[in-house]
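First up is the structure itself, then whatever we jot down about it.
The values are calculated or read from the model by the stated rules, or taken from the named source; none is laboratory data. Note that the structure is predicted; figures quoted are calculated from it, not measured. All Cβ positions, even for glycine, are placed from backbone atoms using ideal geometry, and neighbour counts span all protein chains on display. All accessible areas refer to the heavy atoms of the entire protein, side chains included, with ligands and DNA or RNA removed. Shrake-Rupley method; radii C 1.70, N 1.55, O 1.52, S 1.80 Å.
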Amino acid sequence: MKISELNPNILSDEQITKLLFGEFQDDQQSGDCIVVLGSSKAIQYRLPVALQLYKSGRADKILFSGGVTWPGNNLTEAALLKNKAIAAGIPEDKILVEDVSKNTKENVLASLLVLDRSCPLHKIRRLLIVTSSYHIRRTYLTFKTYMPEWIEFTLCPADDQTTCKDNWFLSPYGRERAVTEAKKIIEYISWGALLDDEL
């Protein structure tokens, strides 16, 4: 069944779980760069995954992507992540920053330029993508839609406390996030903004 065949207004819990979380897991391959998408809690949940990938030698560059500033801080998501990574021992010359994007599609598009200027793009064969587990399907489809077709992806989901495969349906907050995310994916595919995918 294709995602485009789903009705975003009539989704069972099973369909939401399969759509968002599927069978996505780290395939343990190494790549050219770790790409970390920003969020309000990226430092708490996504950064530790990225640091572990880097320190285990899976890639020798980390790109932090995100231009949003959150209440209580005047630094962008990417700048905050960079500062924390340096404090954790990552050399500054191994860090790339994309700090203009405001959403997932812009994360990918703006990262294209940063990657091209540093690598360059035609030499990249695999990216290790770090984002929240409930956001992994949309992130994957966005990269697949907008990145060059020769680039492959290893997906490295980062679990948080409220919206994981095994608990999103247990709280109103987790349910709202999951339902909203599922509807976004289906709608973006219907608009042609994302490639369709098998459920």
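The residue list Ser171, Ser118 contains one member that is within 30 Å of Gly57 (Cβ to Cβ) and of a type outside the set (Asp, Glu), which is Ser118.
Condition check: touching a Gly at 6+ places or on another chain (Cβ under 8 Å), within 23 Å of Cys164 (Cβ to Cβ) and either touching a residue at least 60 places away in the same chain (Cβ under 8 Å) or open to solvent by 40 Å² or more (accessible area, probe 1.4 Å) (or both). Does Asn107 satisfy that? Taking the combined requirement at face value, the residue satisfies it. Filtering Glu187, Glu198, Glu152, Glu176 for residues that are at pLDDT below 95 and either among the charged types (D, E, K, R) or under 28 Å from Glu5 (Cα atoms) (or both) leaves a single hit, Glu198.
Just checking, does region 73-89 include any residue being more than 22 Å from Gln161 (Cα to Cα), open to solvent by 70 Å² or more (accessible area, probe 1.4 Å) and at pLDDT below 95? For region 73-89, residues more than 22 Å from Gln161 (Cα to Cα), open to solvent by 70 Å² or more (accessible area, probe 1.4 Å) and at pLDDT below 95: present.
Selection of first residues in region 136-151 that are crowded, with 20+ Cβ neighbours inside 10 Å and of second residues that are outside any helix (DSSP H, G or I) and hydroxyl-bearing (Ser, Thr, Tyr), restricted to Cβ pairs under 8 Å at least 6 apart or on distinct chains, gives the following pairs, ordered by first then second residue: Thr139/Thr131. Taken over region 178-194, residues that are touching a residue at least 12 places away in the same chain (Cβ under 8 Å) and exposed (fewer than 15 other Cβ atoms within 10 Å of the Cβ) amount to 3. Among the residues making up region 162-177, those that are over 15 Å from the mean Cα position of the chain (by Cα) and either under 28 Å from Gln29 (Cβ atoms) or open to solvent by less than 40 Å² (accessible area, probe 1.4 Å) (or both) are Lys165, Asp166, Asn167, Trp168, Ser171, Gly174.
Considering only residues that are open to solvent by less than 10 Å² (accessible area, probe 1.4 Å) and either without any contact (Cβ under 8 Å) to a residue 12 or more places away in the chain or aromatic (Phe, Trp, Tyr) (or both), which ones fall in region 55-72? If the condition is that a residue be open to solvent by less than 10 Å² (accessible area, probe 1.4 Å) and either without any contact (Cβ under 8 Å) to a residue 12 or more places away in the chain or aromatic (Phe, Trp, Tyr) (or both), then Phe64 is the only one that fits.
The condition (being among the β-branched types (Val, Ile, Thr), free of Cβ contacts under 8 Å to residues at least 12 places away in the same chain and closer than 19 Å to Glu181 by Cβ) is satisfied by just one residue among Ile10, Ile86, Ile16: Ile10.
Screening the candidates Glu92, Glu98 for the property of being surrounded by fewer than 20 Cβ atoms within 10 Å (Cβ to Cβ) and in contact with a helix residue (DSSP H, G or I) (Cβ under 6 Å, 6 or more places away or on another chain) yields one hit, Glu92.
Here Gln52, Gln44, Gln29 are screened, and the one residue that is more than 21 Å from Ala193 (Cβ to Cβ), within 15 Å of the chain's Cα centre (by Cα) and surrounded by fewer than 21 Cβ atoms within 10 Å (Cβ to Cβ) is Gln44.
Tell me yes or no: at least one residue of region 5-24 is within 18 Å of Tyr140 (Cβ to Cβ) and touching a strand residue (DSSP E or B) at 6+ places or on another chain (Cβ under 6 Å). Yes, that holds for at least one residue.
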